[in-house]
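A short worksheet on the structure shown next.
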Amino acid sequence: MAETKRLDYLKIINSSIQNKTYSFAIFTIIVVIILLIGAIRPTLLTITKINKDIKDKKYINEQLDLKLDNLGTLSNLYSNISFDAKALPLLFPTHGNFSLFMSNVEDISKANGYTLSHITFGGDSEFDMNLTTLKPWSVRLTVVGNRSNIVKLLKAYESMPMYPVVNKLNFGEADRETRLTQYSVELLIFRIDDPKFYID
């Protein structure tokens, strides 16, 4: 009987130890779950957010590098054309200052064996070129020279830097003594209507 009691006590003690072990295991699992939810999960979320921020910042950095490259390219292009840009008000004036045109016309006429005898600015051209910024002006030139060079002269006029366009050509009879012909050439040149166009 004493042996049985002893075995019963051992069973009770063993059962109590097992219950404590199970309770401790359950308590440990609960603590681990709480730690995962309370501490590790926010850390994982923070790491995920940081990784996303790093990707976003890399993309922004790539875009900024691309913009810097484009700005560098534009700066180089501008430095290449800045001289031409400064000459634009002479090529396409806003106030009717066609002094560069008149100078070029006279030089081109002489170089091709013609004498420029008269220039008339006729104002706005009736010819509609459907342009938004540039407006065509009509200019009539009277030149005297040999018939054989007239095509060469007209091509030289159209090759001027202000891009005039030959619109009409009239000619009279040649002078019997000099054999020179008088030509009336109508050119279309261009100006800009907006007086503030070239103001920075």
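The values are calculated or read from the model by the stated rules, or taken from the named source; none is laboratory data. The structure displayed is predicted, hence computed values, not measured ones. As a convention, Cβ positions derive from the backbone with ideal geometry for all residues, glycine included, and neighbour counts pool all protein chains shown. Surface accessibility is based on the protein's heavy atoms, side chains included, excluding ligands, DNA and RNA. Shrake-Rupley method; radii C 1.70, N 1.55, O 1.52, S 1.80 Å.
Before moving on, here are some points about what is shown:
- Some residue of segment 189-200 being in contact (Cβ under 8 Å) with a residue 60 or more places away in the chain, part of a strand (DSSP E or B) and either of a type in the set (A, V, I, L, M) or open to solvent by 80 Å² or more (accessible area, probe 1.4 Å) (or both): yes
- Qualifying residues in segment 74-132 (those that are among the hydroxyl-bearing types (Ser, Thr, Tyr) and within 19 Å of Ser159 (Cα to Cα)) - the one modelled with the lowest pLDDT: Ser99
- Unmet criterion (only one of (1) surrounded by fewer than 14 Cβ atoms within 10 Å (Cβ to Cβ); (2) within 30 Å of the chain's Cα centre (by Cα); (3) at pLDDT 80 or above) for Pro164: (1)
- Once segment 142-161 is narrowed to residues that are of a type in the set (Val, Ile, Thr) and more than 24 Å from Arg191 (Cβ to Cβ), the residue that is most open to solvent (accessible area, probe 1.4 Å) is Val151.
- Flag if Ala174 is at pLDDT 90 or above, out of contact with any Cys (no Cβ under 8 Å at 6 or more places or on another chain) and either open to solvent by less than 50 Å² (accessible area, probe 1.4 Å) or not aromatic (Phe, Trp, Tyr) (or both): no
- Sole residue being within 19 Å of Asn97 (Cβ to Cβ), modelled with pLDDT of 90 or more and not small (Gly, Ala, Ser), chosen from Arg140, Arg191: Arg140
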